[in-house]
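Please read the structure below before turning to the comments.
The values are calculated or read from the model by the stated rules, or taken from the named source; none is laboratory data. This structure is a prediction, so every number in the text was calculated from the model and none was measured. All Cβ positions, glycine included, derive from the backbone under ideal geometry; neighbour counts span all protein chains shown.
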Amino acid sequence: MSTCTTTKSCCSADKVVKPVTSIEATTRYKWSVGGMDCASCAAKIEKALASIAGVKQVRVAFATERLLVDLDQNMSPEAITKTVQQLGFTIKSTDQSEEEEPLWKAHSTFTLLAVLMTLASIFMIVDPTWGSVGFLVATTAGVIPFAKKSLNQIRNGTWFGIETLMTVAALGALILGETVEAGLVLLLFSLGEMLEGFAGRKAKAGIKSLMQLTPDTAWKIQDGERIEVPADFLVPGEQIEVLPGDRLPVDAVLFSKLGSFDESALTGESIPVNREAGEKIMAGSLVVDKPVRLTVESEPGENAIDRIVTLIEEAEERRAPIARMVDKFSAWYTPLVMGFAALVMIIPPLLTGAAWTPWAYKALTLLLIACPCALVVSIPAAVTSALASAARFGALIKGGAALEQLRSIKKLAFDKTGTLTEGKPKVTHVAGIAEQENVLLSLAGSIEMGSSHPLAAAIIDEAKNRNLAFTEATDLQVLTGRGVQGTVSGRTLKILAPRYIDDSALGQHKTTIESLESEGNTVVVVLEGNTVLGLIGLADTLREDAIEAITKLKKIGVSSVMLTGDNRRAAAAIAGKLGIDFKAELLPEDKVKAVQAIQAQNNGAVAMVGDGINDAPALKTAELGIAMGRGSDVALETADAALTHERLVELPHMIKLSKNTARITRQNIALALGINTLFLLTTLFGMTGLMAAVLSDAGGTVLVTLNALRLMKKQG
């Protein structure tokens, strides 16, 4: 495919001419869309654009805010940008530099309403007349943006969205002079929109931090010299050099003889991996100890990080957006109430000759009773109470959609490192052979002092915990890919991985090493010459509450499986302690496939619990993603929920909370609709008037709020 970028206007798109596969060729355009608060916003954009003649295919990825549209080759993209802007969203080319607006400016309707309502309240205290005028001005100014958005949605095929519901409710209250209530309805809804927008901005920030894992430039080797070039210009076959502390800008094959890489950003495993010439290293991996040269393997835009972003987008596309309940309800509730009120106003005067004014008053009263204050509050009140309750016991749930989805979870897929385990190795076994245990640890700690390697840190921590003394080591030398060497009190010592030691030197100790490794340990050998002084086993330890959490999940009918990039022996050891199934040696793409396989065979929804960047695609692919609180930014922002205190035992509490929230929500909706229906009938028959309508609306709001507050108590 040939690629070119147009710069015709501020909203020009990246253009990619697709190969001709039929009589009529198409052109693919890419934009960045701003202002989407939730997945239903993306659905509205797709629906509006799909109705435009000449649009062959449209996809909006909410997670990455990308819009992809396939157009007839002779069609201008201006119709696309104009339609998106009419819907109230911003649109710009994906290659434009982006400066995010402050939150208050991005949600100017809420800011304006809050200021005007506050001023009106002050005026009301000083002078009721001025206060009434203030509320009238506030509501009028607040309803205009909703009315504009509603009209644009109607023009693009969405006749009765939630904005229409808000506009009708506010205007109905204004006509009857209830300016305070009209303003409060708009203010409440604007607040909800602002909070959703905040979550969307955080998700976008997480994706940006993922993209920052790969540097913008690279050192290319050309004619024996190092030349700094943009990473996007690298092509397969070229050679690059990466310095210690820098990350790989592309997927590459190691050209140097040996190299040590921290691949935790992609695999989640905290221990650096030693690679040999010819092995493939993924983009985003960190070079640990010395400069390495590599041969570029990935095409521009197709490295491991790019693939993860694409996986997140595709997972977002596969998941059907969970439309807000009120949005669905308004599709028939709003036209029904408006039509019924119109009939009440028109039919009696036309058929019976009754006076117009009383029936117009009744119709307006019906609109006020139908004003969905209690209904609008019923769901947010329950959701807000539940979210606050969850936050108190260490669970951050990102909105009502995620909260609702929790109750249908039947299978939990866990990452291992940092999720079921602590995420950092600890010394689990010390075997003194030619030296006593404490002397062995003291010698090993002296050699490892100053090293940032996770295994070295674990050995030093264990020695410190035993209050052992260290002796300054000299002649320290890193044996790349194998271990470390140094001199302590005149003794030349080595700390090596067993595979780099001859079997003849290990002798009978090889059986002990294999036994420790079968239990999930990483083993290092301390030697003096060819004499084995002792063995040190290290492992990532299980979280204290992991077994309790798995047991409680089983009791409520939720089964578990472990998905990890670690080796099979270590995975089997952890899974055996927990009594769950496992899949090991998985790359990010493999975790996505594993989740999809579980979804295909599972009757209920699947949740993924993880903490690393490598878990992000799987977190989005699952019906629900749950991140650990100290996990990577991308995992936290990609996930639908997070365990801020990192207590796995809160998982069953979250599921119970979700089920109770669904029950309370149904009760609230029944209360709101029941009260409205009762007073609709009494007003229609002349039994109640405007005052009763106002009281019914306020009373219903109080009832549903009090009912929702019951969720503040911790669930089971």
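Brief remarks on what is shown
- Contact map, the stretch 442-468: residues that are free of Cβ contacts under 8 Å to residues at least 40 places away in the same chain paired with residues that are surrounded by 19 or more Cβ atoms within 10 Å (Cβ to Cβ) and acidic (Asp, Glu), Cβ distance under 6 Å, separation 6+ or inter-chain. Pairs shown: ALA456/GLU448; ILE460/GLU448.
- Number of residues in the stretch 117-144 that are free of Cβ contacts under 8 Å to residues at least 40 places away in the same chain and either in a helix (DSSP H, G or I) or under 44 Å from the mean Cα position of the chain (by Cα) (or both) equals 18.
- Residue match in the stretch 526-535 (condition: in a helix (DSSP H, G or I) and crowded, with 17+ Cβ neighbours inside 10 Å): no
- Test: residue in the stretch 310-329 that is modelled with pLDDT under 65 and crowded, with 23+ Cβ neighbours inside 10 Å: yes
- Here the stretch 211-227 is the region considered, the condition is being in contact with a Lys or Arg (Cβ under 9 Å, 6 or more places away or on another chain) and either outside any strand (DSSP E or B) or in contact (Cβ under 8 Å) with a residue 24 or more places away in the chain (or both), and the residue that is nearest to GLN239 (Cα to Cα) is ILE221.
- Filter pass, GLY284 being in contact (Cβ under 8 Å) with a residue 40 or more places away in the chain and within 27 Å of the chain's Cα centre (by Cα): yes
- Test: residue in the stretch 465-481 that is part of a helix (DSSP H, G or I) and closer than 24 Å to ASP289 by Cβ: no
- Candidate set from the stretch 145-173 (those that are outside any helix (DSSP H, G or I) and among the small types (Gly, Ala, Ser)); member that is modelled with the lowest pLDDT: GLY161
- Count of the stretch 425-453 residues which are part of a helix (DSSP H, G or I) and in contact with a helix residue (DSSP H, G or I) (Cβ under 9 Å, 6 or more places away or on another chain): 8
- Every residue from the stretch 594-604 that is free of Cβ contacts under 8 Å to residues at least 60 places away in the same chain and surrounded by 15 or more Cβ atoms within 10 Å (Cβ to Cβ): GLN596, GLN599
- ARG482 being more than 40 Å from the chain's Cα centre (by Cα) and under 20 Å from SER446 (Cα atoms): no
- The stretch 458-506 - residue that is modelled with pLDDT under 85 and more than 25 Å from ALA277 (Cβ to Cβ) and, of those, surrounded by the most Cβ atoms within 10 Å (Cβ to Cβ): ALA505
- Considering the conditions (1) closer than 30 Å to GLY432 by Cα; (2) within 26 Å of the chain's Cα centre (by Cα), ARG568 is excluded by exactly one of them, (2).
- Unmet criterion (only one of (1) within 20 Å of ILE495 (Cα to Cα); (2) at pLDDT 90 or above) for GLU517: (2)
- The set of residues in the stretch 137-158 being surrounded by 18 or more Cβ atoms within 10 Å (Cβ to Cβ) and not polar (S, T, N, Q) consists of ALA138, GLY142, VAL143, PRO145, PHE146, LYS149.
- Search result, residues across the stretch 539-559 that are part of a strand (DSSP E or B) and buried (at least 22 other Cβ atoms within 10 Å of the Cβ): ALA539, ASP540
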